[in-house]
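Nothing in this text is a laboratory measurement; each read-out follows from the coordinates by a stated rule. Keep in mind the model is a prediction, meaning the values are calculated, not measured. All Cβ positions, even for glycine, are placed from backbone atoms using ideal geometry, and neighbour counts span all protein chains on display.
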Amino acid sequence: MKVVDGITRWITCLVMIGLMGSYTAPYINPNTCSLPSLLGLAYHYLLLVNVVLLLYWICRRKKIALCLLGLLLAGYPFMRRYYGMNVKGNADLPCDMEILSYNVHHLDNRGLLHDSPDGKRKIESYIRRFPGDIVCLQDFPHEKNLARMFPGYRYSYAQKDLVILSRREIIHRGTIEFDRAAAASCIYCDILLSGNDTVRVYCVHLESFRFDGSDRRLILDFPGLQRETISRGLRSIISRLLAANKRRAEQAAIVKAHVARAPYKIILCGDFNDIPLSYTYTLLKRGMHDSFIEKGRGVGNTYIGEFPSFRIDHILHDPALRALSYARDTLRLSDHYPIRATFGLRSSGTQQDKKAL
């Protein structure tokens, strides 16, 4: 057992260092140092291994168990970003607005692991049946006729691969421009709720990892591949991960600067293509609340692809709005699950607009 303990102790030290490194991912810009962003992506697995090792050392009655326990407790705020620990919310409570965010994968689920017959019609039907006020769609075909597809939504705005549908009046709309080489987009609408209350809704789709067919085959056929193929494939995947992490950090800074000048209460939602333990998410969440953390339950993963499933779709909101409920609908018609949340205004009466910079 001394030999086993010695080997396990080395492994414990390594995974503890890895977990500590993942804790730094939200605070270090990947354009400054990229390693923490990779460790952040591995947080789930590092956490699981550390928990298993904690149980091992408790059984062995070794003091290193106290170090592991302290490290895990120090990361509790990060666990809250990943694991919803709330009681079930009541979506039927009276609310001032309800919003849905959904990456619809171009209304085409052919070739996905969860391929479903007539997926396009089912997605359209799901959106038409949504009883709420606002729908934000990503990866939506830009040539579609929105008025004909969704007649229940009187107002809409579409640019590139993004759409905002609203049953309430849109009084202003706009687009945030990124670098031409960026595979990212962001639009916003100022929507009149009731009286003089207005909310600005941002629909965002940030840079993806741009995985190609060979990258996906590496995951699916990993056990049967040759060592050289695996090595080459892993280098390609890591390169794409690093490049996308850096681009998203730049895009998040542009979006955040625009949000800071908004004259109304804010809802920022969409496909961030990044996890809660990331610099991008942390930057965008600064000064805002996450409806999943407030009202979500369980793991809350929103991606359904071949790669590890993460919560990369988010609904962030202004502190002046109160989240009443959050839900993830397990609709397997895209490579993402739809998410929705209901909100109430914290203050009644006339809204005091923030001074535009």
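Answer with a single label: of (1) 26, 50, 23, 1; (2) 28, 55, 16, 1; (3) 30, 59, 10, 0, which was calculated as P(r) over Cα pairs in 20 Å bins from 0, in percent from the structure in view?
Computing P(r) over Cα pairs in 20 Å bins from 0, in percent and matching it to (1) 26, 50, 23, 1; (2) 28, 55, 16, 1; (3) 30, 59, 10, 0 gives (2).
Show me the ranking of peptides 123-129, 279-285, 321-327 by mean Cβ neighbours inside 10 Å, starting with the highest.
Put in order of decreasing packing, that is 279-285, 321-327, 123-129.
Run the simple label-point estimate for residue 87 and residue 14 please: 7 Å along Cα→C-beta, distance reported in nm.
About 4.5 nm separates the two model spin labels.
Using a basic spin-label model with each label point 7 Å from the Cα along Cα→Cβ, how many nm lie between residue 180 and residue 67?
Each label point is offset 7 Å from its Cα along the Cβ direction, giving 5.4 nm.
Using only the Cα atoms of region 6-160, what semi-axes does the equivalent ellipsoid have when each is the square root of 5 times a gyration tensor eigenvalue? Give whole Å, largest first.
Calculated on Cα positions only, the semi-axes equal 45, 19, 16 Å.
Between residue 169 and residue 260, what's the calculated FRET efficiency when r is the beta-carbon distance and R0 is 22 Å? Round to 0.05.
0.30
With the cut-off at 32 Å, tell me which of the pairs 144/295; 63/295; 62/285; 122/160; 120/295 have Cα atoms farther apart than that.
Violating the 32 Å Cα-Cα cut-off are 144/295; 63/295; 62/285.
Per residue and in cubic angstrom, what volume does the convex hull of the Cα atoms of region 142-201 have?
With only Cα atoms used, region 142-201 gives 74 Å³ per residue.
Can you give me the angle between helix 2-23 and the longest principal axis of the chain, using Cα atoms only, in degrees from 0 to 90, rounded to the nearest 10?
Compared with the principal axis, the helix lies near 20 degrees.
Starting with the fewest neighbours, write out 160, 2 ranked by other beta-carbon atoms found within 10 Å of each beta-carbon.
The fewest-first ordering by Cβ neighbours comes to 2, 160.
Can you give the direction-averaged projected area of the convex hull of the alpha-carbon atoms in region 94-208, in nm²?
Mean projected area of the Cα convex hull: 8.3 nm².
Can you pull the one-decimal nm distance between simple spin-label points at residue 124 and residue 297, each 7 Å off the Cα toward Cβ?
Taking the simple label geometry, residue 124 and residue 297 are separated by 3.4 nm.
Taking R0 as 45 Å, what FRET efficiency do you get between residue 60 and residue 253 from their Cβ-Cβ distance, rounded to the nearest 0.05?
Rounded to the nearest 0.05, the efficiency is 0.45.
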